[in-house]
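The values are calculated or read from the model by the stated rules, or taken from the named source; none is laboratory data. Computed from a prediction, not measured in an experiment: that's the story for all the values here. Neighbour counts are summed over all protein chains in view; Cβ atoms, including those assigned to glycine, are modelled from backbone coordinates with ideal geometry. For the accessible areas, the whole protein counts, side chains as well, though only heavy atoms, and no ligand, DNA or RNA atoms are used. Shrake-Rupley method; radii C 1.70, N 1.55, O 1.52, S 1.80 Å.
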Amino acid sequence: MSLLFSKMVVDEETMVELGKAIGSSLITTSKKNKANSALVFFEGDLGAGKTTLCRGILQTFGHHGAVKSPTYTLVESYNLNTGDLNPGELNADQLSTIQVHHFDLYRLGDPEELEFIGIRDYLQLGNYCLIEWPNRGEGILPTPDLNISIDVAFNEQSKKIDEKDVKTIGRTVNIEAETEKGKCFLSELIKNQGN
């Protein structure tokens, strides 16, 4: 049986907060299970909020700078020190580096191009991979732990006479666990979201 979580997000700040909650569930579950890796897919139209959600996840992992969509570079890698996650909890001997790789496959011409950038190296244990536009890598990418889809929600009373009359009321974020590890991540998120 599949595990699913759904949430309506009304603004950018709430999207970042949801990203932080997802990041927290990844970290907490990884610590409990000593399995420090995850593969997360993000699906949605242009401008739906995929990168904004990734920004929240990266902030939870301890990243403090800007997060840009790697549309032209295909991947942005972040080496984050676990001491940044819980300052004061770890001594110098316990510090380790977490690698988070943020992919945007929108401009990928052929899934085989992933082999040229060394996708298998990124997907190794110890790495967290956040992949926007995963359908562009179909046939090469493995099953994700979590599949996150973001849909724009429109006001039912708006008339679609032209694009200027259409009013969005937010985004619907659906998260589905695709693996046993994904079910652990999603169960932690659901527990912390009060659902």
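Structural remarks
- Top-ranked residue of segment 170-184 - restricted to ones that are touching a strand residue (DSSP E or B) at 6+ places or on another chain (Cβ under 6 Å) and either at pLDDT below 75 or assigned to a helix (DSSP H, G or I) (or both), ranked as least open to solvent (accessible area, probe 1.4 Å): 182
- Only residues that are in contact with a helix residue (DSSP H, G or I) (Cβ under 9 Å, 6 or more places away or on another chain) and on the phi > 0 side of the Ramachandran plot were counted in segment 14-44, giving 1.
- Some residue of segment 138-149 being at pLDDT below 90, of a type outside the set (Gly, Ala, Ser), closer than 26 Å to residue 28 by Cα and not in a loop (DSSP other than H, G, I, E, B): no
- Restricting 41, 61 to those that are farther than 12 Å from residue 150 by Cα and of a type in the set (Phe, Trp, Tyr) reduces the list to 61.
- Test: residue in segment 93-101 that is open to solvent by 20 Å² or more (accessible area, probe 1.4 Å) and modelled with pLDDT of 95 or more: no
- Selection over segment 111-151 of residues that are surrounded by 20 or more Cβ atoms within 10 Å (Cβ to Cβ) and among the hydroxyl-bearing types (Ser, Thr, Tyr) gives a count of 1.
- Count - residues of segment 15-46 that are out of contact with any strand residue (DSSP E or B) (no Cβ under 8 Å at 6 or more places or on another chain) and either surrounded by fewer than 21 Cβ atoms within 10 Å (Cβ to Cβ) or of a type in the set (Val, Ile, Thr) (or both): 14
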